Protein chains: 2
Amino acid sequence: MKIGDLARRSGLTAHTIRYYERIGLLPYADRNQSRHRDYDASILTWIEFLGRLKTTGMPIRDMLRYAALREEGAGTEAERRALLEQHRERVRAQVDELNACLLVLDTKIDGYVETEQRKNDDDAPVQNRIRGRRKPA
Amino acid sequence: MKIGDLARRSGLTAHTIRYYERIGLLPYADRNQSRHRDYDASILTWIEFLGRLKTTGMPIRDMLRYAALREEGAGTEAERRALLEQHRERVRAQVDELNACLLVLDTKIDGYVETEQRKNDDDAPVQNRIRGRRKPA
DNA sequence: TCTTGACTTAGAGCGCGCTCGAACCCGTAG
DNA sequence: CTACGGGTTCGAGCGCGCTCTAAGTCAAGA
């Protein structure tokens, strides 16, 4: 598979794939006789996993640490596991924080909903004007 | 309240507070006779809300839009509400995505746990060597 | 009076994660 | 043969969100 194909299949750009290889996030790719990168489909699994790490906010320097352990191969599993477990805790905390923010957003939005309702009340005929908040019938 | 106090109470740096004022995220602050910014405690509520928007990944340009509507005052509630509702949907999607990533992380970590167990099996005395994966008794 | 320290402004600099441009090299279709 | 649509390397540039420096002002305490 050439870099363009991998780009299409991975969702990254060829530029980004080269960049990732340059910094060590992707292993140095085999080249064909034209010195073009020639990928095995298995790289897609790794790119997808990197995407998960990225989505969950892991900085590239941490991904690099993980990638380096992976390159080292057997014997680094315990450290890789520890890295992922730490990261998992951070992500869980992040989810909790986002959920807390969602509650605040809900409250704020409810406030605007009530503003809207008061506005509708003011527009309504006199016999419907009752003090305070109220659902339309 | 002076900028240093606000910094301590808000968790932002004085630099960042001035930066936020410069770009319009914070309203232009009143100055005392020494041209120093003099804040009312109510600004803390707004800063805290900005923090929520930031935590949930809203880019500054979008916060600016919301801040501008807020400055405009009455009559902009519907648009502010719409902004927040759109943002809430994005945050919900983000939470879903993170939870999906957490599942993947769990799976990956489980893989390493099993690697570790196999390693322990190999270290164990012969009578405990049973083929395949297995919990310690 | 003098020192200290927090404030002011304008503008430069930085770390991150790409993103792109320049100049060049191939292989294939017309 | 030539044009084109990929690929290559190296290095510069960019958008974001701060972060910091320089040079100066001001008020309060020793």
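Hey, any hits in region B:72-83 for a residue that's among the polar types (S, T, N, Q) and open to solvent by less than 20 Å² (accessible area, probe 1.4 Å)?
Going residue by residue through region B:72-83, those that are among the polar types (S, T, N, Q) are B:76.
Restricting the remaining residues to those that are open to solvent by less than 20 Å² (accessible area, probe 1.4 Å) gives B:76.
So far as region B:72-83 goes, yes, one or more of its residues are among the polar types (S, T, N, Q) and open to solvent by less than 20 Å² (accessible area, probe 1.4 Å).
How many residues does region B:69-96 hold that are over 15 Å from the mean Cα position of the chain (by Cα) and either part of a helix (DSSP H, G or I) or closer than 23 Å to A:Leu98 by Cβ (or both)?
16
Going by the structure shown, is B:Glu97 modelled with pLDDT of 95 or more and among the acidic types (Asp, Glu)?
In short, yes.
Does A:Gly75 satisfy being within 16 Å of DNA strand C (Cβ to nearest atom), within 14 Å of chain B (Cβ to nearest Cβ) and under 30 Å from B:Asp110 (Cα atoms)?
no
Between B:Ile23, B:Ile3, which is farther than 23 Å from A:Gly57 by Cβ, among the β-branched types (Val, Ile, Thr) and touching a residue at least 40 places away in the same chain (Cβ under 8 Å)?
B:Ile23
Checking A:Pro136 against (1) within 26 Å of A:Arg22 (Cβ to Cβ); (2) at pLDDT below 95, only one condition comes out false. Which one?
(1)
Only one of B:Leu69, B:Leu53 is among the hydrophobic types (A, V, I, L, M, F, W, C), in contact with an Asp or Glu (Cβ under 9 Å, 6 or more places away or on another chain) and within 29 Å of A:Val91 (Cβ to Cβ). Can you tell me which?
B:Leu53
Determine, yes or no, whether A:Thr55 is within 30 Å of B:Glu48 (Cα to Cα), within 16 Å of DNA strand C (Cβ to nearest atom) and within 13 Å of chain B (Cβ to nearest Cβ).
Here the answer is yes, as A:Thr55 does meet what is asked.
Kindly indicate whether A:Tyr20 is more than 8 Å from DNA strand D (Cβ to nearest atom), within 18 Å of A:Glu71 (Cβ to Cβ) and touching an Asp or Glu at 6+ places or on another chain (Cβ under 7 Å).
Answer is no for this residue.
What are the residues in region B:11-35 that are within 14 Å of DNA strand C (Cβ to nearest atom), surrounded by 15 or more Cβ atoms within 10 Å (Cβ to Cβ) and either of a type in the set (A, V, I, L, M) or over 25 Å from B:Arg80 (Cα atoms) (or both), if any?
Of everything in region B:11-35, those that are within 14 Å of DNA strand C (Cβ to nearest atom), surrounded by 15 or more Cβ atoms within 10 Å (Cβ to Cβ) and either of a type in the set (A, V, I, L, M) or over 25 Å from B:Arg80 (Cα atoms) (or both) turn out to be B:Leu12, B:Ala14, B:Ile17, B:Leu26, B:Ala29.
Can you say whether A:Thr45 is within 12 Å of DNA strand C (Cβ to nearest atom) and not small (Gly, Ala, Ser), as far as the supplied structure shows? Don't jump to the end; show me each part of the working.
Working: within 12 Å of DNA strand C (Cβ to nearest atom): no; not small (Gly, Ala, Ser): yes.
The answer is no for A:Thr45.
Filter region B:36-51 for residues that are open to solvent by 50 Å² or more (accessible area, probe 1.4 Å) and of a type in the set (Ser, Thr, Tyr); which is nearest to DNA strand D (Cβ to nearest atom)?
B:Thr45
Give just the number: which of (1) more than 15 Å from A:Lys108 (Cβ to Cβ); (2) more than 10 Å from chain A (Cβ to nearest Cβ); (3) open to solvent by 70 Å² or more (accessible area, probe 1.4 Å) does B:Gln86 not satisfy?
Of (1) more than 15 Å from A:Lys108 (Cβ to Cβ); (2) more than 10 Å from chain A (Cβ to nearest Cβ); (3) open to solvent by 70 Å² or more (accessible area, probe 1.4 Å), only one is false for B:Gln86: (1).
The values are calculated or read from the model by the stated rules, or taken from the named source; none is laboratory data. Source: prediction; values computed, not measured. Cβ sites come from the backbone with ideal geometry, for glycine too, and all protein chains shown count toward neighbours. Just the protein is used for accessible areas: all its heavy atoms, side chains included, with ligands, DNA and RNA removed. Shrake-Rupley method; radii C 1.70, N 1.55, O 1.52, S 1.80 Å.
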